[in-house]
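*Asks:* Pasting a structure below so you can have a look.
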Amino acid sequence: MRNNFISKINNWFVFVLLTIIVAGLAVSSNFLINHLRKKETDRIKSLATAVKYLQDNNVDSRLNDLSLNVIDENKDIPIIITDKNRNLIESKNIDEEILNNPEKLKQKIAEMDDKYPPFEIQLPNFNNQFVFYDNSDLLNYLRYYPYALGLFIGLYLLFSFWFLRTIKKSDESMLWAGLAKETAHQIGTPLSSMIGWVEVMKLDANRNDDGLLEINKDINRLKTISERFSKIGSVPELNDLNLKETVQQNFDYLKSRISRKVNFELKVPSREILIPHNRILMSWVIENLVKNAVDAMKGEGKLEISLYSKNNYVLIDVKDSGSGMTNTQIRSAFKPGYSTKKRGWGLGLSLAKRVINEYHNGDIKIAESEVGKGTTFRIVLKS
C-alpha cells in the first residue's frame, strides 16, 4: 500500500511538473508575441513619421533619404495609406488582387482598422492621411505557436502514457504467467507423492472407506488446481460446453466444503446453456468468487449463485450477505495486490478478471454492493 501511495505521489509530481512546463511555454510564447507586436507597431509609427517628412518641402534632403530608407526597410508588414475618406494613396505588402478590387480593398481596410487604430499623418490644409497596418506573416504564424506546442505536448503525453501502460501490462502478464507456472510446478511434486501414498493405502484399507474417498477427491481437486495454474500465460482451449453443468459441478463441490452456517443456494435455468468456455478456468473463477463471498460473510450468512440469460449475454451472479464494499474498495477490488484480508497476496480477483476478460472475451465486475448488506459479483459472457 505504501509503494502504491508513493507511486501515486510520483505520478502527480510528474503531471504537475509537466503542467508547469506547458504553462511556462505558453506564457513565454505570449510574452514574445506581444513584444514582437509592439516592435511592429513602433515600426509603423516610424514609417508614418517618415511619410510625413517626405511630404514636407521644408525638410532637409538627408532626412528625406532617411525617411525613404525607413519605408523601404518594411518588407513584411502590410500597410495601406489613405486620405480621410479612405481612398487609397499608397500601399505595401498587399496582394494585387485586393488592390484591384475596390470591395476587397474596402474590406481589408476595415479589417486593419478593427485590429489596430491607424496612425494619422497631419498635413497642411487638413489633408491628413492615415496609415492602416496589419500583422506580418511571422507574427500571424507565432499566434498559433502556443496552440501547436500544446497540441504536440498533449499528443506526446498520450503516446507516453499508452506506451508505458502497454509495457507495464506486458510485464504484469509475464509476471502472472511465470508465477502461475512455477506454482503448478511446485504443487506437482508433493501431489505425485500423495497419489502414490493413496494407492498404498488402498491396498490396506477398505475400498469403500469414506475418508479414503474424500482424500482421493481432494487429490483430484489438487490436480485441477495445478492444471489451472499451468494454463495461465498460454491460450486455453475453449469448448462449446454446457455452462449450467460447469456451475452445477462447482456448486456441488463447494457446498460440502464451506461452513454449514452459510445458506448456499443455486439458481439455474432448466435448459442447457451452451457457450464456449474453458471449464477448468471458469471453475476457478467461480470458486474464487465464492470463497471471497464466504470470507466477506465471516463464514455465516446467505450465498446465492444465479445463472441466467439476458439479451445476447449469459450472466453468472455470485451474491452474498456479507459486509459489503465501499466505493474505494469497489474501485480497487480487481487491482493486483489489493486485499482487505490480512492473509493472501490479493491476486485472486485480479487473476479472475484476467481469465474472463482476456481468455473468454467477457467481463467481470461488481454489479452492486452496500456496506453492511452484501455484494454481488457478476460474470458477463457473450452467448
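*Asks:* Identify all residues within segment 92-103 that are closer than 16 Å to Ile79 by Cβ and assigned to a helix (DSSP H, G or I); write none if there are none. Spell out the reasoning first.
*Replies:* Of the residues in segment 92-103, the ones closer than 16 Å to Ile79 by Cβ are 92-96, 98-99.
Across segment 92-103, the qualifying residues are Glu96, Ile98, Leu99.
*Asks:* Let me ask something else about it. Taking Glu368 as the residue in question, decide whether it is open to solvent by 60 Å² or more (accessible area, probe 1.4 Å), farther than 19 Å from Thr246 by Cα and at pLDDT 90 or above. It would help to see each step written out before you state the result.
*Replies:* Values: open to solvent by 60 Å² or more (accessible area, probe 1.4 Å): yes; farther than 19 Å from Thr246 by Cα: yes; at pLDDT 90 or above: yes.
Criteria met by Glu368.
*Asks:* Of all residues in segment 282-315, count the ones that are assigned to a strand (DSSP E or B) and either of a type outside the set (S, T, N, Q) or modelled with pLDDT under 95 (or both). Let's see the steps before the verdict.
*Replies:* If we filter segment 282-315 for residues that are assigned to a strand (DSSP E or B), which is where we start, we get 301-310, 313-315.
Narrowing the set further to residues that are either of a type outside the set (S, T, N, Q) or modelled with pLDDT under 95 (or both) leaves 301-305, 307-310, 313-315.
Adding up the residues that qualify gives 12.
*Asks:* Continuing with this model, one more query. Among the numbered conditions (1) open to solvent by 70 Å² or more (accessible area, probe 1.4 Å); (2) modelled with pLDDT under 85; (3) part of a loop (DSSP other than H, G, I, E, B); (4) under 19 Å from Phe130 (Cα atoms), tell me where Asp56 comes up short.
*Replies:* Going through the list (1) open to solvent by 70 Å² or more (accessible area, probe 1.4 Å); (2) modelled with pLDDT under 85; (3) part of a loop (DSSP other than H, G, I, E, B); (4) under 19 Å from Phe130 (Cα atoms), Asp56 breaks only (1).
*Asks:* Could you please tell me which pairs satisfy a Cβ distance under 9 Å, a separation of 6+ or placement on different chains, a first residue in segment 250-261 that is closer than 11 Å to Leu303 by Cβ, and a second residue that is part of a loop (DSSP other than H, G, I, E, B) and open to solvent by less than 90 Å² (accessible area, probe 1.4 Å)?
*Replies:* Phe251/Val268; Ile258/Gly299; Ser259/Met297; Ser259/Gly299; Lys261/Met297; Lys261/Gly299
*Asks:* Now for a different question. Would you confirm whether or not segment 25-45 contains a residue that is at pLDDT below 75, out of contact with any helix residue (DSSP H, G or I) (no Cβ under 7 Å at 6 or more places or on another chain), on the phi < 0 side of the Ramachandran plot and loosely packed, with under 15 Cβ neighbours inside 10 Å?
*Replies:* No, segment 25-45 contains no residue that is at pLDDT below 75, out of contact with any helix residue (DSSP H, G or I) (no Cβ under 7 Å at 6 or more places or on another chain), on the phi < 0 side of the Ramachandran plot and loosely packed, with under 15 Cβ neighbours inside 10 Å.
*Asks:* Taking the criterion of being at pLDDT below 75, of a type in the set (Val, Ile, Thr) and surrounded by 10 or more Cβ atoms within 10 Å (Cβ to Cβ), would at least one residue in segment 167-179 satisfy it? Outline the logic, then answer.
*Replies:* So in segment 167-179, the residues at pLDDT below 75 come out as 167-179.
Restricting the remaining residues to those that are of a type in the set (Val, Ile, Thr) gives 167.
Filter once more, keeping what is surrounded by 10 or more Cβ atoms within 10 Å (Cβ to Cβ): 167.
Yes - at least one qualifying residue is present in segment 167-179.
*Asks:* Do you know which of the residues in segment 327-344 that are among the hydroxyl-bearing types (Ser, Thr, Tyr) and closer than 17 Å to Ala367 by Cα is modelled with the highest pLDDT? So that I can check it myself, show each step before the final result.
*Replies:* Let us first name the residues in segment 327-344 that are among the hydroxyl-bearing types (Ser, Thr, Tyr), namely 328, 332, 338-340.
Remaining after also requiring closer than 17 Å to Ala367 by Cα: 328, 332.
Numbers: Thr328: 88, Ser332: 85.
Taking the candidates together, the pick is Thr328.
*Asks:* Is one or more of the residues making up segment 285-297 open to solvent by 70 Å² or more (accessible area, probe 1.4 Å) and in the same structural domain as Met325 (by the TED database)?
*Replies:* Keep residues of segment 285-297 that are open to solvent by 70 Å² or more (accessible area, probe 1.4 Å), which gives 291.
Now restrict to residues that are in the same structural domain as Met325 (by the TED database): 291.
So far as segment 285-297 goes, yes, one or more of its residues are open to solvent by 70 Å² or more (accessible area, probe 1.4 Å) and in the same structural domain as Met325 (by the TED database).
*Asks:* Within segment 96-127, track down each residue that is of a type outside the set (Asp, Glu), over 50 Å from the mean Cα position of the chain (by Cα) and more than 21 Å from Gln55 (Cβ to Cβ). Step through it out loud before you land on a result.
*Replies:* The first filter runs over segment 96-127 and keeps only residues of a type outside the set (Asp, Glu), leaving 98-102, 104-110, 112, 115-119, 121-127.
From what is left, the residues that are over 50 Å from the mean Cα position of the chain (by Cα) are 99-102, 105-106, 118-119, 121-127.
Hits for segment 96-127 are Leu99, Asn100, Asn101, Pro102, Leu105, Lys106.
*Asks:* State all residues of segment 71-91 that are over 52 Å from the mean Cα position of the chain (by Cα) and not in a strand (DSSP E or B); if no residue qualifies, say none.
*Replies:* Ile71, Asp72, Glu73, Lys84, Asn85, Arg86, Asn87, listed by residue number.
*Asks:* Testing Arg271 on (1) modelled with pLDDT under 90; (2) surrounded by fewer than 19 Cβ atoms within 10 Å (Cβ to Cβ), one condition comes back false. Which one is that?
*Replies:* If we test Arg271 against (1) modelled with pLDDT under 90; (2) surrounded by fewer than 19 Cβ atoms within 10 Å (Cβ to Cβ), just (1) comes out false.
*Asks:* Now, a different point. Could you please let me know if Lys298 is free of Cβ contacts under 8 Å to residues at least 40 places away in the same chain and more than 25 Å from Lys382 (Cα to Cα)?
*Replies:* Working: free of Cβ contacts under 8 Å to residues at least 40 places away in the same chain: yes; more than 25 Å from Lys382 (Cα to Cα): yes.
In short, yes.
The values are calculated or read from the model by the stated rules, or taken from the named source; none is laboratory data. This one's a predicted model, so the numbers in the text were calculated from it and none came from an experiment. When we count neighbours, we look across all protein chains shown, and the Cβ atoms used for this are built from the backbone with ideal geometry, even at glycine. To get the accessible areas, we keep the full protein, side chains included, count just its heavy atoms, and leave off ligands, DNA and RNA. Shrake-Rupley method; radii C 1.70, N 1.55, O 1.52, S 1.80 Å.
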